[in-house]
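One structure is given below, encoded as structure tokens.
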Amino acid sequence: MTSNTETEFAELMEKAQAIKFCMLTTLADRKHLRSRPFTTQQTLSDGTAWFYAALESDPVNEINETPGIALIYADTSAGRYLSMSGDAYISTDRDLITRLWSPMNKAFFSEGVDDPSICVIEVKILEAE
């Protein structure tokens, strides 16, 4: 589907939140696609999704260079697959970082929510199927 209604976005975002893990694809060096596993922190029915990342990481640098991304979710046990594309933005908003935080994330950010290297990738989904 190239044009999603509000209801479709709400349903797709619920499915993405339930699957939780995705491959986030960026454009590296303005010529190669690179996909990496990410954990969805939260989604909204309007097509917004948030992920934690390290501020000085390759995915963050690539998003700053070219914000167009793809998210691929797969739940093979349920036969559920989602492909989403949109624009990503990097946020260092401490309130947002704190609001999205869960203790599970300490495995990646040892200093917890106060880790200076943590940022949030905010994705605005434009199309999904």
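The values are calculated or read from the model by the stated rules, or taken from the named source; none is laboratory data. Just so it is clear, the model here is predicted, and its values are computed rather than measured. We place every Cβ from the backbone using ideal geometry, glycine too, and count neighbours over all the protein chains shown. Please note that ligands, DNA and RNA were not included when accessible areas were found on the heavy atoms of the full protein model with its side chains. Shrake-Rupley method; radii C 1.70, N 1.55, O 1.52, S 1.80 Å.
Data table
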{"quantity": "Sequence of GLU129, GLU8 from largest to smallest accessible area, 1.4 Å probe", "calculated": "GLU129, GLU8"}
{"quantity": "Extension gain (nm, one decimal) between THR5 and GLN17, 0.36 nm per residue minus Cα-Cα", "calculated": "2.5 nm"}
{"quantity": "LEU96, LEU126, LEU27, reordered so the largest accessible area comes first (probe 1.4 Å)", "calculated": "LEU126, LEU27, LEU96"}
{"quantity": "Calculated [θ] (222 nm, deg cm²/dmol) that DSSP helices of n ≥ 4 give over the chain, each run adding -39,500 (n - 2.57)", "calculated": "-6500 deg cm²/dmol"}
{"quantity": "Probe 1.4 Å, protein heavy atoms only - accessible area per residue of the stretch 30-129 in square angstrom", "calculated": "54 Å²"}
{"quantity": "Accessible surface of the stretch 1-87 [probe 1.4 Å, protein heavy atoms]: carbon and sulfur percent", "calculated": "50 percent"}
{"quantity": "Set of the stretch 7-50 residues, backbone N closer than 15 Å to the point 7 Å along the Cα-Cβ line of SER77", "calculated": "18-21"}
{"quantity": "Computed magnitude of the charge dipole of the stretch 1-116 (debye, nearest 20; Cβ of K, R +1, Cβ of D, E -1)", "calculated": "380 debye"}
